[in-house]
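Let me begin by presenting the structure, written as C-alpha coordinates, before commenting on it.
The values are calculated or read from the model by the stated rules, or taken from the named source; none is laboratory data. Just so it is clear, the model here is predicted, and its values are computed rather than measured. Counting neighbours? That spans all protein chains shown, and the Cβs are built from the backbone with ideal geometry, glycine included.
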Ligand code: 9D3
(Lines give C-alpha, C1' and ligand atoms only; values in the text may rest on other atoms or scores of the structure.)
Protein backbone atom coordinates (compact mmCIF):
# COMPACT_ATOMS: atom_id res chain seq x y z
CA UNK A 1 0.00 0.00 0.00
CA UNK A 2 1.44 3.36 -1.05
CA UNK A 3 -0.82 5.63 0.97
CA UNK A 4 -3.25 5.09 3.81
CA UNK A 5 -6.00 7.66 4.37
CA UNK A 6 -8.30 7.76 7.39
CA UNK A 7 -11.30 10.08 7.16
CA UNK A 8 -13.07 11.41 10.24
CA UNK A 9 -16.67 12.20 9.26
CA UNK A 10 -20.23 12.22 10.58
CA UNK A 11 -21.39 11.12 7.09
CA UNK A 12 -19.32 8.02 6.23
CA UNK A 13 -21.66 7.00 3.40
CA UNK A 14 -20.87 10.20 1.48
CA UNK A 15 -17.22 9.21 1.36
CA UNK A 16 -17.68 5.50 0.72
CA UNK A 17 -19.96 6.24 -2.25
CA UNK A 18 -17.20 8.29 -3.89
CA UNK A 19 -14.51 5.81 -2.84
CA UNK A 20 -16.22 2.92 -4.64
CA UNK A 21 -16.17 4.26 -8.21
CA UNK A 22 -13.66 4.92 -10.97
CA UNK A 23 -9.89 5.24 -10.66
CA UNK A 24 -10.16 5.86 -6.90
CA UNK A 25 -12.36 2.80 -6.38
CA UNK A 26 -9.90 0.64 -8.31
CA UNK A 27 -6.88 1.99 -6.38
CA UNK A 28 -8.58 1.10 -3.08
CA UNK A 29 -9.77 -2.30 -4.29
CA UNK A 30 -6.24 -3.13 -5.50
CA UNK A 31 -4.89 -1.99 -2.12
CA UNK A 32 -2.73 0.70 -3.73
CA UNK A 33 -4.50 3.09 -1.36
CA UNK A 34 -5.90 2.27 2.07
CA UNK A 35 -9.11 4.10 2.97
CA UNK A 36 -11.09 3.89 6.22
CA UNK A 37 -13.76 6.14 7.72
CA UNK A 38 -14.14 6.94 11.43
CA UNK A 39 -17.40 8.35 12.77
CA UNK A 40 -17.18 10.73 15.74
CA UNK A 41 -20.73 9.62 16.63
CA UNK A 42 -19.21 6.31 17.81
CA UNK A 43 -17.08 8.30 20.26
CA UNK A 44 -19.84 10.46 21.79
CA UNK A 45 -19.69 10.54 25.55
CA UNK A 46 -23.38 10.89 26.50
CA UNK A 47 -26.42 8.58 26.28
CA UNK A 48 -27.88 10.52 23.33
CA UNK A 49 -24.58 10.24 21.40
CA UNK A 50 -24.37 14.04 20.99
CA UNK A 51 -21.63 15.34 18.66
CA UNK A 52 -22.50 19.05 18.47
CA UNK A 53 -23.32 21.85 20.89
CA UNK A 54 -23.97 25.61 20.98
CA UNK A 55 -21.01 27.99 20.65
CA UNK A 56 -19.70 29.58 23.87
CA UNK A 57 -20.30 33.33 23.65
CA UNK A 58 -23.42 32.89 21.57
CA UNK A 59 -23.99 33.16 17.84
CA UNK A 60 -25.69 31.13 15.14
CA UNK A 61 -25.41 27.41 14.53
CA UNK A 62 -23.66 24.58 16.29
CA UNK A 63 -20.04 23.53 16.82
CA UNK A 64 -18.63 19.98 16.65
CA UNK A 65 -17.63 18.89 20.15
CA UNK A 66 -13.98 18.13 20.96
CA UNK A 67 -14.35 14.76 22.68
CA UNK A 68 -16.08 12.74 19.92
CA UNK A 69 -13.68 14.22 17.35
CA UNK A 70 -10.59 13.47 19.44
CA UNK A 71 -11.91 9.93 20.00
CA UNK A 72 -12.32 9.35 16.26
CA UNK A 73 -8.91 10.89 15.49
CA UNK A 74 -7.40 8.60 18.15
CA UNK A 75 -9.03 5.54 16.60
CA UNK A 76 -7.75 6.58 13.15
CA UNK A 77 -4.21 7.07 14.54
CA UNK A 78 -4.30 3.54 15.96
CA UNK A 79 -5.41 2.11 12.62
CA UNK A 80 -2.85 4.08 10.59
CA UNK A 81 0.16 1.96 9.52
CA UNK A 82 2.53 4.84 10.46
CA UNK A 83 2.15 8.11 12.41
CA UNK A 84 -0.22 10.11 10.19
CA UNK A 85 -0.22 13.77 9.20
CA UNK A 86 -3.57 15.18 10.38
CA UNK A 87 -5.33 17.58 8.00
CA UNK A 88 -8.51 19.52 8.77
CA UNK A 89 -10.49 20.51 5.66
CA UNK A 90 -11.69 23.99 6.52
CA UNK A 91 -12.67 27.28 4.88
CA UNK A 92 -9.82 28.85 6.91
CA UNK A 93 -7.20 26.60 5.32
CA UNK A 94 -4.63 27.31 2.62
CA UNK A 95 -6.09 26.83 -0.84
CA UNK A 96 -5.40 23.34 -2.19
CA UNK A 97 -3.39 23.12 -5.40
CA UNK A 98 -1.40 20.40 -7.18
CA UNK A 99 1.79 21.21 -5.23
CA UNK A 100 -0.03 20.35 -1.97
CA UNK A 101 -1.29 17.13 -3.57
CA UNK A 102 2.24 16.21 -4.74
CA UNK A 103 3.70 16.84 -1.28
CA UNK A 104 1.00 14.86 0.55
CA UNK A 105 1.18 11.96 -1.92
CA UNK A 106 4.75 11.33 -0.67
CA UNK A 107 3.54 10.61 2.89
CA UNK A 108 2.59 7.11 4.06
CA UNK A 109 -0.43 8.02 6.22
CA UNK A 110 -2.96 10.85 6.39
CA UNK A 111 -5.93 11.51 8.66
CA UNK A 112 -8.46 13.92 7.12
CA UNK A 113 -11.05 15.64 9.29
CA UNK A 114 -14.32 16.71 7.67
CA UNK A 115 -16.27 19.25 9.70
CA UNK A 116 -20.02 19.91 9.77
CA UNK A 117 -22.15 22.69 11.25
CA UNK A 118 -20.24 25.98 11.81
CA UNK A 119 -16.97 24.18 12.43
CA UNK A 120 -15.09 22.29 15.12
CA UNK A 121 -13.98 23.18 18.66
CA UNK A 122 -10.71 25.17 18.24
CA UNK A 123 -8.97 22.98 20.84
CA UNK A 124 -9.10 20.02 18.43
CA UNK A 125 -7.16 22.12 15.91
CA UNK A 126 -4.66 23.22 18.56
CA UNK A 127 -4.04 19.76 19.93
CA UNK A 128 -4.48 17.34 17.02
CA UNK A 129 -4.29 19.11 13.62
CA UNK A 130 -1.06 19.61 11.64
CA UNK A 131 -2.45 21.52 8.66
CA UNK A 132 -5.67 23.14 7.37
CA UNK A 133 -6.70 23.04 3.71
CA UNK A 134 -9.59 24.63 1.79
CA UNK A 135 -10.59 23.72 -1.76
CA UNK A 136 -11.56 27.26 -2.74
CA UNK A 137 -13.57 30.35 -1.94
CA UNK A 138 -17.16 29.10 -2.01
CA UNK A 139 -19.39 27.85 0.78
CA UNK A 140 -20.10 24.13 1.12
CA UNK A 141 -22.11 22.26 3.76
CA UNK A 142 -19.17 20.38 5.21
CA UNK A 143 -15.69 18.99 4.68
CA UNK A 144 -16.62 15.59 3.18
CA UNK A 145 -16.56 16.68 -0.46
CA UNK A 146 -13.32 18.66 0.02
CA UNK A 147 -11.74 15.61 1.72
CA UNK A 148 -12.75 13.39 -1.19
CA UNK A 149 -11.48 15.96 -3.70
CA UNK A 150 -8.09 15.64 -2.00
CA UNK A 151 -8.29 11.82 -1.87
CA UNK A 152 -9.19 11.67 -5.57
CA UNK A 153 -6.33 13.99 -6.53
CA UNK A 154 -3.93 11.93 -4.37
CA UNK A 155 -4.89 8.56 -5.86
CA UNK A 156 -3.96 9.76 -9.36
CA UNK A 157 -0.36 10.30 -8.25
CA UNK A 158 0.10 6.83 -6.78
CA UNK A 159 2.21 4.42 -8.82
CA UNK A 160 -0.09 2.17 -10.83
CA UNK A 161 -3.23 4.29 -10.47
CA UNK A 162 -3.19 5.50 -14.07
CA UNK A 163 -2.71 2.43 -16.26
CA UNK A 164 -2.90 4.56 -19.39
CA UNK A 165 0.71 5.50 -20.24
CA UNK A 166 -0.46 8.39 -22.41
CA UNK A 167 -2.51 10.07 -19.67
CA UNK A 168 0.61 10.29 -17.52
CA UNK A 169 2.85 11.39 -20.39
CA UNK A 170 0.48 14.12 -21.52
CA UNK A 171 -0.11 15.37 -17.99
CA UNK A 172 3.60 16.10 -17.63
CA UNK A 173 4.02 17.19 -21.26
CA UNK A 174 1.58 20.10 -20.88
CA UNK A 175 3.23 21.18 -17.65
CA UNK A 176 1.13 23.98 -16.24
CA UNK A 177 -0.84 24.69 -19.44
CA UNK A 178 -4.54 24.14 -20.10
CA UNK A 179 -5.28 21.21 -22.36
CA UNK A 180 -5.72 21.39 -26.12
CA UNK A 181 -9.19 20.68 -27.60
CA UNK A 182 -10.11 17.01 -28.09
CA UNK A 183 -12.21 15.41 -30.81
CA UNK A 184 -13.46 11.92 -31.51
CA UNK A 185 -15.73 10.35 -34.15
CA UNK A 186 -17.69 11.39 -36.12
CA UNK A 187 -15.71 13.85 -38.27
CA UNK A 188 -18.67 16.22 -38.44
CA UNK A 189 -21.27 17.13 -35.75
CA UNK A 190 -23.94 19.33 -37.30
CA UNK A 191 -21.94 22.08 -39.02
CA UNK A 192 -18.84 21.49 -36.84
CA UNK A 193 -15.85 19.68 -38.35
CA UNK A 194 -12.75 18.22 -36.75
CA UNK A 195 -9.74 20.50 -37.50
CA UNK A 196 -8.14 19.18 -40.70
CA UNK A 197 -4.64 18.94 -39.19
CA UNK A 198 -5.83 16.17 -36.83
CA UNK A 199 -6.94 14.02 -39.77
CA UNK A 200 -3.77 14.44 -41.83
CA UNK A 201 -1.43 12.05 -40.03
CA UNK A 202 1.44 14.58 -39.86
CA UNK A 203 2.39 14.00 -36.25
CA UNK A 204 4.77 16.94 -36.11
CA UNK A 205 2.04 19.26 -37.38
CA UNK A 206 -0.43 17.77 -34.86
CA UNK A 207 2.01 18.29 -31.99
CA UNK A 208 2.56 21.90 -33.07
CA UNK A 209 -1.17 22.60 -33.41
CA UNK A 210 -1.94 21.12 -29.99
CA UNK A 211 0.86 23.07 -28.32
CA UNK A 212 -0.36 26.30 -29.97
CA UNK A 213 -3.96 25.63 -28.86
CA UNK A 214 -2.83 24.88 -25.29
CA UNK A 215 -0.77 28.09 -25.18
CA UNK A 216 -3.56 30.19 -26.70
CA UNK A 217 -6.21 28.89 -24.31
CA UNK A 218 -3.96 29.39 -21.34
CA UNK A 219 -3.13 32.96 -22.42
CA UNK A 220 -6.80 33.82 -22.94
CA UNK A 221 -8.44 31.97 -20.04
CA UNK A 222 -5.78 31.52 -17.35
CA UNK A 223 -3.12 34.21 -17.81
CA UNK A 224 -2.16 33.66 -14.15
CA UNK A 225 -0.65 30.30 -15.18
CA UNK A 226 1.72 32.03 -17.62
CA UNK A 227 2.61 35.01 -15.44
CA UNK A 228 5.22 33.14 -13.41
CA UNK A 229 7.04 31.45 -16.28
CA UNK A 230 9.10 32.40 -19.32
CA UNK A 231 7.99 30.96 -22.66
CA UNK A 232 10.60 29.44 -24.96
CA UNK A 233 11.13 31.16 -28.31
CA UNK A 234 9.24 28.31 -30.00
CA UNK A 235 6.25 28.61 -27.61
CA UNK A 236 6.28 32.39 -27.99
CA UNK A 237 6.13 32.09 -31.76
CA UNK A 238 3.30 29.52 -31.58
CA UNK A 239 1.32 31.76 -29.22
CA UNK A 240 1.82 34.89 -31.32
CA UNK A 241 0.80 33.07 -34.51
CA UNK A 242 -2.24 31.70 -32.69
CA UNK A 243 -3.25 35.13 -31.40
CA UNK A 244 -2.93 36.64 -34.90
CA UNK A 245 -4.99 33.79 -36.39
CA UNK A 246 -7.79 34.23 -33.90
CA UNK A 247 -7.84 38.05 -33.98
CA UNK A 248 -9.38 37.81 -37.45
CA UNK A 249 -11.39 34.61 -36.82
CA UNK A 250 -13.67 36.03 -34.11
CA UNK A 251 -13.99 34.72 -30.57
CA UNK A 252 -16.73 32.66 -28.95
CA UNK A 253 -16.14 34.55 -25.71
CA UNK A 254 -18.20 37.61 -24.77
CA UNK A 255 -15.29 39.54 -23.24
CA UNK A 256 -13.46 40.20 -26.48
CA UNK A 257 -10.85 37.55 -25.74
CA UNK A 258 -8.46 39.94 -24.02
CA UNK A 259 -5.93 39.07 -21.36
CA UNK A 260 -7.78 40.86 -18.53
CA UNK A 261 -6.34 41.22 -15.08
CA UNK A 262 -2.74 40.82 -16.19
C1 LIG B 1 -22.09 29.92 6.18
C2 LIG B 1 -21.36 29.49 7.40
N3 LIG B 1 -20.10 30.22 7.47
C4 LIG B 1 -20.22 31.48 8.17
C5 LIG B 1 -20.42 31.47 9.60
C6 LIG B 1 -19.01 29.40 7.96
C7 LIG B 1 -18.87 28.06 7.37
C8 LIG B 1 -18.75 26.97 8.18
C9 LIG B 1 -18.62 25.70 7.65
C10 LIG B 1 -18.84 27.87 5.99
C11 LIG B 1 -18.73 26.58 5.46
C12 LIG B 1 -18.62 25.51 6.29
C13 LIG B 1 -18.47 24.14 5.73
N14 LIG B 1 -17.34 24.06 4.80
C15 LIG B 1 -16.31 23.25 4.98
O16 LIG B 1 -16.27 22.50 5.94
C17 LIG B 1 -15.21 23.31 4.04
C18 LIG B 1 -15.03 24.06 2.83
C19 LIG B 1 -15.87 24.99 2.15
O20 LIG B 1 -17.00 25.32 2.54
N21 LIG B 1 -15.38 25.55 1.00
C22 LIG B 1 -14.16 25.26 0.49
N23 LIG B 1 -13.35 24.41 1.09
C24 LIG B 1 -13.79 23.82 2.25
S25 LIG B 1 -12.92 22.72 3.15
C26 LIG B 1 -14.09 22.55 4.28
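Quick rundown of the values:
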quantity: Matching option when the condition is farther than 21 Å from residue 245 by Cα and under 20 Å from the mean Cα position of the chain (by Cα), among 177, 225; calculated: 225
quantity: Failed condition for residue 36, given (1) farther than 22 Å from residue 155 by Cα; (2) part of a strand (DSSP E or B); calculated: (1)
quantity: Search result, residues across region 126-136 that are within 13 Å of the ligand (Cβ to nearest atom) and closer than 14 Å to residue 68 by Cα; calculated: none
quantity: The listed residue being exposed (fewer than 13 other Cβ atoms within 10 Å of the Cβ) and touching a residue at least 60 places away in the same chain (Cβ under 8 Å), out of 48, 30; calculated: 30
quantity: Hits in region 74-94 (condition: under 12 Å from residue 7 (Cβ atoms) and in a strand (DSSP E or B)); calculated: 86, 87, 88, 89
quantity: Region 95-124, subset outside any loop (DSSP other than H, G, I, E, B) and touching a strand residue (DSSP E or B) at 6+ places or on another chain (Cβ under 6 Å), residue nearest to the ligand (Cβ to nearest atom); calculated: 114
quantity: Some residue of region 182-197 being in a helix (DSSP H, G or I) and surrounded by 13 or more Cβ atoms within 10 Å (Cβ to Cβ); calculated: yes
quantity: Any hit, region 149-159, residues being crowded, with 16+ Cβ neighbours inside 10 Å, within 13 Å of the ligand (Cβ to nearest atom), outside any helix (DSSP H, G or I) and in contact (Cβ under 8 Å) with a residue 12 or more places away in the chain; calculated: no
quantity: Residue identified as surrounded by fewer than 12 Cβ atoms within 10 Å (Cβ to Cβ) and either under 19 Å from residue 38 (Cβ atoms) or not assigned by TED's automatic domain parsing to the domain that holds residue 13 (or both) among 82, 99; calculated: 82
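For every residue, the table says whether it meets (1) modelled with pLDDT of 95 or more; (2) farther than 23 Å from residue 23 by Cβ.
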| residue | (1), (2) |
| --- | --- |
| 107 | yes, no |
| 116 | yes, yes |
| 128 | yes, yes |
| 131 | yes, yes |
| 137 | yes, yes |
| 146 | yes, no |
| 157 | yes, no |
| 162 | no, no |
